[in-house]
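K.L.:
I am attaching a structure below and will ask some questions about it afterwards.
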Amino acid sequence: MSFPDSDGHVDRARRLARKVAERADEIDEGRQIPADLAGELADAGLFRLLVPKSVGGVETDHPAFVEIVRIFAQADASTAWCINQNNIFATDSARMPLETAREIWGDRRGIVTNGPPSRDTKAVQTEGGYRLSGRWDFSSGSSHSTWLAARAPVEDRAGEPTMFLIPKADATMLDTWQVNGLRGTASFSFEVDDLFVPKKYTYMESDTPHADGPIYRIPKIPLFAIGFATISIALARACMDDAIELAGSKTQRAVSSAMIDRSTVHRQIGENEANLRAADAYLRASSAALWDSACEVGRVEMDTRIEVRMAATHAIRQSARVVDAAYELFGSGAIFKSNLIQRRYQDMHTIAQQIQGRATNFETAGRYFLGLETGTML
C-alpha cells in the first residue's frame with residue numbers, strides 16, 4: 001500500500017473537499033459522513049495522514065496536515081472535525097504494539113475513533129488480557145470507524161489508565177448525538193459489558209513510540225487543540241466573507257441607508273477582521289513553533305505547549321465572536337436553515353463548548369506563569 005507525498009494529499013484534499021461541500025446538507029441531515037464518501041476519503045489516505053509509514057500510513061508533516069484540516073473546514077466543519085479527530089488519535093499507532101497497529105491500519109479503510117470514559121468505566125486484569133466494562137461518549141467519526149479506543153483504569157492498579165482497542169462490532173453503539181452543531185460528526189457513544197480484551201490490544205499512552213518521526217514527539221492534546229482551532233478560524237473566515245459580500249448589497253427594513261454606507265457596519269467589519277487575523281496569526285505562529293521544536297529539539301517544552309494552549313483557546317473564542325458579529329449583520333435572514341450561516345453558527349458554538357474552547361484554559365496558562373502546578377490538559 002502506498003500513498004503520494006504531503007503535496008499530493010493537499011491536492012487530494014482540495015478535490016475531495018469540493019465533493020464534501022456539495023454534500024454538506026446530506027452530511028448534516030444524516031448526522032454522519034455518507035458511507036461512500038467516507039470510503040473515498042479513506043481510500044485517498046486521508047484518515048491515515050499521521051500514521052507511521054512503517055504501519056502503512058502517510059506520516060505527513062504537521063503543517064501539511066493542518067492545511068488539509070483547513071481545506072475541509074472551508075467545505076464542512078463536521079468532516080474537518082472527523083479528519084482532525086481520527087488522524088490525531090491515529091498517532092497512537094506509534095505507541096500501541098506494532099503487530100496490532102499493522103492489523104488495524106492494514107485495512108485500507110481502518111479507522112479508530114475514541115471518546116472520554118464515563119465514571120463507572122473499569123477493567124479487571126485476567127489471564128491473557130482484561131475484562132472491560134463501561135461507556136465512552138463523543139466518539140467522533142464512529143459511523144465510518146472500524147475500531148474503538150477505550151481508556152479505562154485497571155482495578156487494583158494505580159497510575160495511568162490503560163487504552164483498550166475494540167473492534168466496533170464487539171461494542172454496542174448508542175445514538176446519543178442529538179445536537180444542532182457538528183451534527184455530521186456522528187459523535188455517538190459506545191458501551192461494553194465484561195468484554196474480554198487480549199493484552200496485545202492494549203497499551204499506555206505514555207509508551208515510547210516505535211516510530212521516530214517528529215509528529216510522535218508531540219502530545220495529542222496540543223495537536224487536537226490546533227486542529228479544532230483551525231476549524232474555528234475557517235468557520236469565522238467563511239462567515240466574515242459572506243457578511244462582507246452581503247453588506248455590499250443589502251438594505252435593512254426601517255433603516256434609511258444601505259449597509260455599505262453605515263459607519264457602524266464599517267467598524268464591525270474592520271474590528272472583526274483585525275480580531276480574526278490576529279487570532280489566526282497567533283495560532284499559526286504557535287503551531288509552527290511546536291513543529292519546529294519537535295523537529296529540531298526532539299521534544300516539546302512546556303512553554304511551547306502553553307503557547308499552543310493559549311493560542312488555540314483564543315482562536316476558538318475569538319472565532320465565536322466573529323461568527324456572532326457576522327450572524328448579526330445577516331439580520332432575520334440568519335435564522336433560516338437555508339442560510340449557510342445558520343449551520344456555521346451552530347457548528348461554531350458547539351466547538352466553543354468543547355474542552356479546547358473553555359475560558360478556564362487561560363487559568364492553566366496563568367498558573368504556569370505564576371510558577372504553579374498546571375495540571376494535565378497540555
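K.L.:
Within the stretch 264-286, restricting attention to residues that are surrounded by fewer than 21 Cβ atoms within 10 Å (Cβ to Cβ) and of a type in the set (Ser, Thr, Tyr), which residue is nearest to Pro222 (Cα to Cα)?
P.N.:
Step by step, filter the stretch 264-286, then rank; the result is Tyr282.
K.L.:
Being of a type outside the set (Asp, Glu), in a helix (DSSP H, G or I) and farther than 22 Å from Thr208 by Cβ narrows it down to one of Ile104, Ile83, Ile88, so name that one.
P.N.:
Ile83
K.L.:
Could you please find all residues in the stretch 44-61 being buried (at least 23 other Cβ atoms within 10 Å of the Cβ) and part of a helix (DSSP H, G or I)?
P.N.:
If the condition is that a residue be buried (at least 23 other Cβ atoms within 10 Å of the Cβ) and part of a helix (DSSP H, G or I), then Val55 is the only one that fits.
K.L.:
Follow-up. Would you please name the residue that is surrounded by the fewest Cβ atoms within 10 Å (Cβ to Cβ), looking only at residues in the stretch 298-315 that are out of contact with any Lys or Arg (no Cβ under 9 Å at 6 or more places or on another chain) and of a type outside the set (D, E, K, R)?
P.N.:
The extreme case among them is Met302.
K.L.:
Tell me, which residue of the stretch 345-378 that is among the hydroxyl-bearing types (Ser, Thr, Tyr) and part of a helix (DSSP H, G or I) is farthest from the chain's Cα centre (by Cα)?
P.N.:
We begin by selecting, within the stretch 345-378, every residue among the hydroxyl-bearing types (Ser, Thr, Tyr); these are 345, 350, 360, 364, 368, 374, 376.
From the residues that got through so far, the ones that are part of a helix (DSSP H, G or I) too are 345, 350, 364, 368.
Numbers: Tyr345: 17, Thr350: 12, Thr364: 21, Tyr368: 25 Å.
Of everything passing the filter in the stretch 345-378, Tyr368 is farthest from the chain's Cα centre (by Cα).
K.L.:
Next question. So for the stretch 325-341 (the condition being of a type in the set (Gly, Ala, Ser), surrounded by fewer than 17 Cβ atoms within 10 Å (Cβ to Cβ), out of contact with any Leu (no Cβ under 9 Å at 6 or more places or on another chain) and not in a helix (DSSP H, G or I)), does at least one residue qualify?
P.N.:
yes
K.L.:
Which is of a type in the set (Ser, Thr, Tyr), in contact with a Lys or Arg (Cβ under 7 Å, 6 or more places away or on another chain) and modelled with pLDDT of 95 or more, of Thr100, Thr79?
P.N.:
Thr100
K.L.:
Look through Phe72, Phe65 and report the one residue that is outside the structural domain of Ser187 (by TED's automatic domain parsing), in a helix (DSSP H, G or I) and within 17 Å of Thr350 (Cβ to Cβ).
P.N.:
Phe72
K.L.:
Within the stretch 287-303, count every residue that is in a helix (DSSP H, G or I), free of Cβ contacts under 8 Å to residues at least 40 places away in the same chain and either under 30 Å from Phe330 (Cβ atoms) or of a type outside the set (Asp, Glu) (or both).
P.N.:
2
K.L.:
Would you point out the residue of the stretch 223-249, among those that are without any contact (Cβ under 8 Å) to a residue 40 or more places away in the chain and in a helix (DSSP H, G or I), that is surrounded by the most Cβ atoms within 10 Å (Cβ to Cβ)?
P.N.:
Ile244
K.L.:
Follow-up. For the stretch 346-360: of the residues being crowded, with 19+ Cβ neighbours inside 10 Å and modelled with pLDDT under 95, which is farthest from Val322 (Cα to Cα)?
P.N.:
Among residues in the stretch 346-360 that are crowded, with 19+ Cβ neighbours inside 10 Å and modelled with pLDDT under 95, the one farthest from Val322 (Cα to Cα) is Gln356.
K.L.:
What residue, of Pro52, Pro97, is in the same structural domain as Glu22 (by TED's automatic domain parsing), in contact (Cβ under 8 Å) with a residue 24 or more places away in the chain, touching a Gly at 6+ places or on another chain (Cβ under 9 Å) and closer than 29 Å to Asp212 by Cβ?
P.N.:
Sole residue among the options that is in the same structural domain as Glu22 (by TED's automatic domain parsing), in contact (Cβ under 8 Å) with a residue 24 or more places away in the chain, touching a Gly at 6+ places or on another chain (Cβ under 9 Å) and closer than 29 Å to Asp212 by Cβ: Pro52.
K.L.:
Which pairs have Cβ atoms under 6 Å, sit 6 or more apart or on different chains, and link a residue in the stretch 194-218 that is farther than 29 Å from Asp170 by Cα to one that is part of a loop (DSSP other than H, G, I, E, B) and of a type in the set (D, E, K, R)?
P.N.:
Gly213/Glu59; Arg217/Arg299
K.L.:
Follow-up. Give Arg18, Arg48, Arg23 a once-over and let me know the one that is within 27 Å of Ala294 (Cβ to Cβ) and modelled with pLDDT of 95 or more.
P.N.:
Arg48
K.L.:
Mind listing whichever residues of the stretch 122-145 are surrounded by fewer than 20 Cβ atoms within 10 Å (Cβ to Cβ) and in contact with a Ser or Thr (Cβ under 9 Å, 6 or more places away or on another chain)?
P.N.:
Answer for the stretch 122-145, where residues must be surrounded by fewer than 20 Cβ atoms within 10 Å (Cβ to Cβ) and in contact with a Ser or Thr (Cβ under 9 Å, 6 or more places away or on another chain): Lys122, Val124, Gly129, Ser133, Asp137, Phe138.
The values are calculated or read from the model by the stated rules, or taken from the named source; none is laboratory data. Fair warning: this is a prediction, and the values are worked out from it, not measured in the lab. A quick note on method: Cβ atoms are made from the backbone with ideal geometry, for glycine too, and the neighbour counts reach across all protein chains shown.
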